[in-house]
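Data first, discussion second: the structure below is written as structure tokens.
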């Protein structure tokens, strides 16, 4: 693992790290599954973390083999309907919805001179950051529509580092999903997981909760 002194930037996932929009994603996907008469599975909550809208829809349809029943146009319409519903649910977001300790960390990173980028698969990330009042902290945001490969491929973290003018090896990536951790590792950045070590088995550093995500704690984890 690189030395902490070599770190110049932080690359953040959004959902489950900066705020918990996963509850709104789950509600919107659950409603779509109900409309399609697909039984909702508890495992979906973890499986849908950190992946694109299209990949999420595929997980749900594949659970009952129904993916063959719909055309690509049907799938686009389903994903669009889910997103429209999700956007309505997002209106409930306020700065009070920021995950505990995250804004304090962003302030700390800015004051210490670290570059900060957003590496989220969510096409709605700009809306979420705006509603949280955090837009100004992020010098770079990857547009997921420009990517060829989603997580666990490393492309999004490689792109985010490049937008900051850095190499991935000069960055720490923060994620709450195993697919995201794998993407960070594949990019060559240091992976910091938020959640259970039993789930995020490939995270180089792991904190159970966002409150523990401080610059001092991260620095100490390198020792």
Residue 151 - would you say it is touching a strand residue (DSSP E or B) at 6+ places or on another chain (Cβ under 8 Å) and part of a loop (DSSP other than H, G, I, E, B)? no
Can you report the number of residues in the range 47-90 which are over 30 Å from residue 193 (Cβ atoms) and in contact (Cβ under 8 Å) with a residue 24 or more places away in the chain? 4
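Matching residues to (1) over 12 Å from residue 12 (Cα atoms); (2) within 13 Å of the chain's Cα centre (by Cα):
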| site | (1), (2) |
| --- | --- |
| 114 | yes, no |
| 123 | yes, yes |
| 161 | no, no |
| 165 | yes, no |
| 169 | yes, no |
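Could you identify the single residue in 119, 104, 125 that is at pLDDT below 95, in the same structural domain as residue 212 (by TED's automatic domain parsing) and more than 19 Å from residue 30 (Cα to Cα)? Reasoning before the result, please.
Details: 119 fails: at pLDDT below 95; 104 fails: at pLDDT below 95.
It is 125.
Given the criterion in a helix (DSSP H, G or I), at pLDDT below 95, on the phi < 0 side of the Ramachandran plot and surrounded by fewer than 16 Cβ atoms within 10 Å (Cβ to Cβ), identify the matching residue among 162, 145.
145
The values are calculated or read from the model by the stated rules, or taken from the named source; none is laboratory data. Here the structure is a predicted model, which is why all the values come from computation and not from measurement. Cβ coordinates were reconstructed from backbone atoms using ideal geometry, including for glycine residues, and neighbour counts include every protein chain displayed.
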